[in-house]
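Report on one structure; see the data block that follows.
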Amino acid sequence: MTQQERSMFNCPVEATLSLIGGKYKPIILWHLIKEPLHYMELQRLIPNATPKMLSQQLHDLENNGMIHREVIPEKPPKTVYSLTPFGQSIVPILDAMCQWGNSYL
């Protein structure tokens, strides 16, 4: 994200939500904390996400530099997703969301 793109936010929460906002982005990031996962593994872990929605959310996270996408040249090819160092920087936020959610539940 360029400095010009960053300056269009009115507050830090808005900037954070621009990166991780979306129905499945935080859940995708949460599942990638421990280990890289194949696309099909993510689809099994997030059954309510349609393939189109999951692909779009993954694409957005990749474009924002939060996740890395690697295509493994097998037959059929496998796509593996992992957190980038920038993506790992959101882990404390996700942990806090999990703790808050547990308290709420």
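A search for C-beta distances below 6 Å between a residue of region 76-100 that is of a type in the set (S, T, N, Q) and any residue that is surrounded by fewer than 13 Cβ atoms within 10 Å (Cβ to Cβ), counting only pairs 6+ apart in sequence or on different chains, returns T79/V71.
Can you tell me which residues in region 66-89 are at pLDDT below 95 and open to solvent by less than 80 Å² (accessible area, probe 1.4 Å)?
Selection gives V71, I72, T79.
Annotation note: Cβ proximity below 7 Å between a residue of region 30-52 that is under 15 Å from V91 (Cβ atoms) and a residue that is open to solvent by 60 Å² or more (accessible area, probe 1.4 Å) (sequence gap 6+ or interchain) occurs for H31/L45. Scanning region 23-65 for residues that are among the aromatic types (F, W, Y) and within 27 Å of A96 (Cβ to Cβ), we see that the one that is surrounded by the fewest Cβ atoms within 10 Å (Cβ to Cβ) is W30.
The values are calculated or read from the model by the stated rules, or taken from the named source; none is laboratory data. Computed from a predicted structure; not experimentally measured. Note that each Cβ is placed from the backbone with ideal geometry, even for glycine, and that neighbours are counted across all protein chains shown. SASA here: full protein model, heavy atoms, side chains in, ligands and nucleic acids out. Shrake-Rupley method; radii C 1.70, N 1.55, O 1.52, S 1.80 Å.
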